[in-house]
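A quick write-up on the structure given underneath.
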Amino acid sequence: MQLNNWIANNVPQAYRGLLDYESGAGWVSLVNRLLKKLEIKGLYNTTKKKERGVEVDSDYWITPPSDMRQLYKVTNPFDPNNFFTWDNLNGKIKINRSFSKDSDPDTFTLSEGSTTTIKINDADATADLWNEYLLVLTDGTYSGETIVIHDTAAADTGTSILTFRHAQAGSIDSTTGYLTKDYLMLKYKSTFTTMAAYNGEIPLDDKYEDDLLLFWLLMNSVDVTDKRFPTFKSLFDEALNDVKNEQQTPAPDQARPEPIPWPRQEIGHDGDGYNNYEIDKDWD
């Protein structure tokens, strides 16, 4: 559900006007903070593993994708078992052995771009001609972006339709670009997925869109000195524990019991002289 609709349907009217949507402390920001919290606790995977084709500069250097968080693998897409090792140096990826990009790639005029396809002025268009090539955009909103081609089909006379391996975030408006097979494939974890707009879909499973999200928003909509804050926090903590128990339950018909905190003991008490405080204070 869209965030604005969810708030209208679930947040009590008295609280809806306490925050706006767009500011750094607004409803959108609060949802993003919850997403990050759940990800850190391993309860919800809001990151994505991605692959992206990239060219190599000066035989060794790769500019990391803007959304790269952690790099897993560098390979030659036409020889997937051909791995490269790398170092992260000077804000770039340096591969362990040289790999040259094409100094004179085939350039084309582009048109009718969408999120999944684009047309090129290919006078010798044949089926599958550009499969697995890398399209590098050289103008427009997405200038500099790279797209791996999954399929090639001849269209009208002198043109060809390229289908992307992965759908793009927006329709491609570039009118110039080139195709190359001299590129490497990065496999990586992308940066944290966030909400950007109040009318965007909440990127949470439905089971999180009940008490957990509601009490998180209510708790953070009031000041910590507000007498309502402890109540909302207690309700949020209870909802979070419910999610933890459900996530870690071995089978649907089995319920994992609530964890019991270890008792605090001071040195010299109960005759054992053992201090559990350091363990207890971090118990989760």
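Numbers for the structure displayed
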read-out	value
Check on Thr75, surrounded by fewer than 16 Cβ atoms within 10 Å (Cβ to Cβ) and of a type in the set (Ser, Thr, Tyr)	no
Residue match in segment 172-185 (condition: under 18 Å from Thr63 (Cα atoms), modelled with pLDDT of 95 or more, of a type outside the set (Ser, Thr, Tyr) and under 23 Å from the mean Cα position of the chain (by Cα))	yes
Verdict on Asp67 being touching a residue at least 40 places away in the same chain (Cβ under 8 Å), within 23 Å of the chain's Cα centre (by Cα) and either over 30 Å from Glu246 (Cβ atoms) or crowded, with 16+ Cβ neighbours inside 10 Å (or both)	yes
Restricting segment 213-231 to residues that are free of Cβ contacts under 8 Å to residues at least 60 places away in the same chain and surrounded by 20 or more Cβ atoms within 10 Å (Cβ to Cβ), the residue that is nearest to Val11 (Cα to Cα)	Phe215
Considering residues of segment 78-99 that are closer than 17 Å to Leu134 by Cβ and at pLDDT below 95 only, the residue nearest to the chain's Cα centre (by Cα)	Pro80
Checking Arg33 against (1) in contact (Cβ under 8 Å) with a residue 60 or more places away in the chain; (2) exposed (fewer than 15 other Cβ atoms within 10 Å of the Cβ); (3) assigned by TED's automatic domain parsing to the domain that holds Phe164; (4) over 23 Å from Leu137 (Cβ atoms), the condition it does not meet	(3)
Tally of residues being aliphatic (A, V, I, L, M) and in contact with a Lys or Arg (Cβ under 9 Å, 6 or more places away or on another chain) across segment 15-69	4
Restricting segment 1-30 to residues that are hydroxyl-bearing (Ser, Thr, Tyr) and either surrounded by 14 or more Cβ atoms within 10 Å (Cβ to Cβ) or within 19 Å of the chain's Cα centre (by Cα) (or both), the residue that is nearest to Asp211 (Cα to Cα)	Tyr15
Subset of segment 48-70 [aliphatic (A, V, I, L, M) and modelled with pLDDT of 95 or more]	Val54, Val56, Ile62
Every residue from segment 142-162 that is more than 28 Å from Thr75 (Cα to Cα), out of contact with any strand residue (DSSP E or B) (no Cβ under 7 Å at 6 or more places or on another chain) and either in contact (Cβ under 8 Å) with a residue 24 or more places away in the chain or in a strand (DSSP E or B) (or both)	Gly158
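A quick yes/no check of all residues on (1) touching a Phe, Trp or Tyr at 6+ places or on another chain (Cβ under 6 Å); (2) part of a loop (DSSP other than H, G, I, E, B):
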site	(1), (2)
Leu179	yes, no
Leu186	no, no
Phe192	no, yes
Tyr198	yes, yes
Leu212	no, no
Leu218	yes, no
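The values are calculated or read from the model by the stated rules, or taken from the named source; none is laboratory data. The shown structure was predicted, so the numbers you read here are calculated from the model rather than taken from an experiment. Neighbour counts are summed over all protein chains in view; Cβ atoms, including those assigned to glycine, are modelled from backbone coordinates with ideal geometry.
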